[in-house]
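Here, each number is a calculation from the coordinates, and none is a lab measurement. Because the structure is a prediction, the values reported are computed rather than measured. Here Cβ is always computed from backbone atoms with ideal geometry, including for glycine, and neighbour counts include all displayed protein chains.
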Amino acid sequence: MAIDRAGLAEFLRNRREALQPADVGLPLGSRRRTRGLRREEVAMLVGMSTDYYGRLEQQRGPQPSEQMLAAMARALHLTLDERDHLFRLGGHNAPGRRSVPDHVGPGMMRIVDRLADTPAMVVNSAGETLLQTAPGVALVGDETHFAGFRRSIAYRWFTDPVTRQRFPAEDHDHHARAHTARLRAAVTREGPDSRAAEVADVLLSESAEFAELWRRHDVATSLADRRKRLLHPELGLIEVFCQTLLDPDGTQCLLVYTATPGSESHEKLAMLNAVEVP
């Protein structure tokens, strides 16, 4: 599939000019002459050099990879249809639209952009983290770099002992039951061909603990865990409240971590930007 350089350049420029700094969580600044976002602002949001992005808008430069196109789709707050169009212009087939899409929609992105100083993350129903704010990374670590089934926190919980080290030992049983129940609810809602079902199937073959909990047939609504205790490698124990916002189809949710104002945990959350990412 060949890249459409002219079409790609026009589409990128059009979507860039349609966004304002406030739409992506950036300050307006002064003496702004450019309509919409500047090229360097888009490049920063994508994680590429300004020169690379500029060449794309000038119909030259190398063909962008699928990973780069996905990053541009997030930075430009594209809808799912617009993301697919971007991929085709870039010379790639559009990603398959699974029952658990990895694409974070523009509405959810706008909310995340306004939470730049708050620990937050977007997670799909298979427990895969799609997006984190910087304080979110500082609180729980970078959960977006995993590959394969390890992308799912449920899979890591039952197969990687390191995952449990972030939580007090006395809370492990509750989290194991909660991860299983959420996965069970997702499989029931989305069916046997869903990503959640794939994770559940592999866990049934790899974890006796998960298999035992799966047979209990608990569902997520009975195991709500709004309050969590986290063990941060530098700040120690942090008690947080986890607020959840579901997208309309229920396949993704935004998790926002807060603490009681004036508490020690509230002070520790305020210190996250000053500590080294765990």
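How big is D for segment 168-278, in µm² s⁻¹ as a whole number, if Stokes-Einstein is applied with the Kirkwood radius of its Cα pairs at 37 °C and 0.692 mPa s?
206
Please check the chain for the longest run free of GluC sites (Glu not before Pro) that are loop-located per DSSP (anything but H, G, I, E, B) and have at most 14 other Cβ atoms within 10 Å.
With a cap of 14 other Cβ atoms within 10 Å, the longest stretch comes to 1-233.
What residue among 111, 211, 162 has its Cα farthest toward the positive end of the dipole of the chain, where the charges are +1 on Lys, Arg and -1 on Asp, Glu, each on the Cβ?
111
Given the Cα atoms of segment 5-89, and with Rh set as the inverse mean 1/r over their pairs in the Kirkwood sense, what is Rg to Rh to two decimals?
Reported Rg/Rh, Kirkwood definition of Rh: 0.94.
Note down the net charge around residue 208, summing +1 for each Lys or Arg and -1 for each Asp or Glu among other residues with Cβ under 14 Å from its Cβ.
Its environment carries a net charge of -1.
Given a Förster distance of 22 Å, report the FRET efficiency between residue 55 and residue 22 from their Cβ-Cβ distance, rounded to the nearest 0.05.
With a Förster radius of 22 Å, E is 0.20.
Can you give me the three principal axis dimensions of segment 112-209 from its C-alpha atoms, in Å, biggest first?
39, 31, 22
How large is the helix-only mean residue ellipticity at 222 nm for the chain, computed as the sum of -39500 (n - 2.57) over DSSP H runs with n ≥ 4, divided by its residue count, in deg cm²/dmol to the nearest 500?
Rounded to the nearest 500, it is -12500 deg cm²/dmol.
What FRET efficiency do you get for residue 217 and residue 241 if R0 is 22 Å and r is their Cβ-Cβ distance, rounded to the nearest 0.05?
Result of the calculation: an efficiency of 0.20.
Just checking my list [x] 58, 48, 32; [y] 57, 46, 29; [z] 76, 50, 42 against Cα extents along the principal axes in Å computed from this structure; which label fits?
Given [x] 58, 48, 32; [y] 57, 46, 29; [z] 76, 50, 42, the structure-derived one carries the label [y].
How much length is gained if the chain between residue 273 and residue 173 is pulled fully straight, taking 0.36 nm per residue apart and subtracting their Cα-Cα distance, in nm to one decimal?
32.9 nm
Using Cα pairs closer than 8 Å and at least 6 residues apart in sequence, work out the relative contact order for segment 102-167, in percent.
23
Relative contact order for the chain using alpha-carbon pairs under 8 Å, separation at least 6, rounded to a whole percent?
About 16 percent, as a whole number.
Along the positive direction of the dipole of the chain (beta-carbon charges: Lys, Arg +1; Asp, Glu -1; about the Cα centre), which of 238, 49, 191 reaches farthest?
Comparing the listed Cα positions along the dipole, 49 ranks first.
Rank 237, 78, 131 by mean-square fluctuation in a GNM of the chain with C-alpha springs under 10 angstrom and give only the top-ranked residue.
So, out of 237, 78, 131, the one fluctuating most is 237.
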